[in-house]
Amino acid sequence: QVQLVESGGGLVQAGGSLRLSCAASGRTFSRYAMGWFRQAPGKEREFVTALSLNGGGTYYADSVKGRFTISRDNAKNTVYLQMNSLKPEDTAVYYCALRVGVASISRDEYRYWGQGTQVTVSS
């Protein structure tokens, strides 16, 4: 079983920055990917970014390119999401997720999910 623990959410003013982290524990996979998704009230959960910790590429949603950066610490099975130039429309619950295999932009392909952390960007 895999557990994902998120941290780093909070309240920030527009133009500010936050850094989220997500640590995976439990079963170790030879090839897996971790990603970030977000869901605003009344909206569908949408892809933000993802990377493969053992091969594969890195992907970003168009809405966050140039502002968000995903990174990793393989020794800790942890991924980070650095969010800069935050906008009110970035307000959402942010979820980390793990996929067995290479990175994907599809939420349906991720098997394990964290509880989510609230990010609120005020105008």
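The values are calculated or read from the model by the stated rules, or taken from the named source; none is laboratory data. What you see is a predicted model, and the numbers here were worked out from it, not measured in a lab. As a convention, Cβ positions derive from the backbone with ideal geometry for all residues, glycine included, and neighbour counts pool all protein chains shown. For the accessible areas, the whole protein counts, side chains as well, though only heavy atoms, and no ligand, DNA or RNA atoms are used. Shrake-Rupley method; radii C 1.70, N 1.55, O 1.52, S 1.80 Å.
Computed quantities for the displayed model
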quantity	calculated
Test for GLY35: is it open to solvent by less than 60 Å² (accessible area, probe 1.4 Å) and in a loop (DSSP other than H, G, I, E, B)	no
Residue match in the range 24-31 (condition: modelled with pLDDT of 95 or more and either out of contact with any Phe, Trp or Tyr (no Cβ under 7 Å at 6 or more places or on another chain) or surrounded by 14 or more Cβ atoms within 10 Å (Cβ to Cβ) (or both))	no
Options LEU20, LEU4, LEU11; residue that is over 13 Å from TYR112 (Cβ atoms) and buried (at least 19 other Cβ atoms within 10 Å of the Cβ)	LEU20
One residue from LEU86, LEU81 being surrounded by 17 or more Cβ atoms within 10 Å (Cβ to Cβ), of a type outside the set (Val, Ile, Thr) and in a strand (DSSP E or B)	LEU81
Residues located in the range 1-32, provided they are of a type in the set (Ser, Thr, Tyr) and part of a strand (DSSP E or B)	SER7, SER21, SER25, TYR32
Test for GLY56: is it out of contact with any strand residue (DSSP E or B) (no Cβ under 8 Å at 6 or more places or on another chain) and either of a type outside the set (Val, Ile, Thr) or outside any loop (DSSP other than H, G, I, E, B) (or both)	no
Every residue from the range 89-123 that is more than 23 Å from TYR32 (Cβ to Cβ), open to solvent by 40 Å² or more (accessible area, probe 1.4 Å) and not in a strand (DSSP E or B)	GLU89, SER123
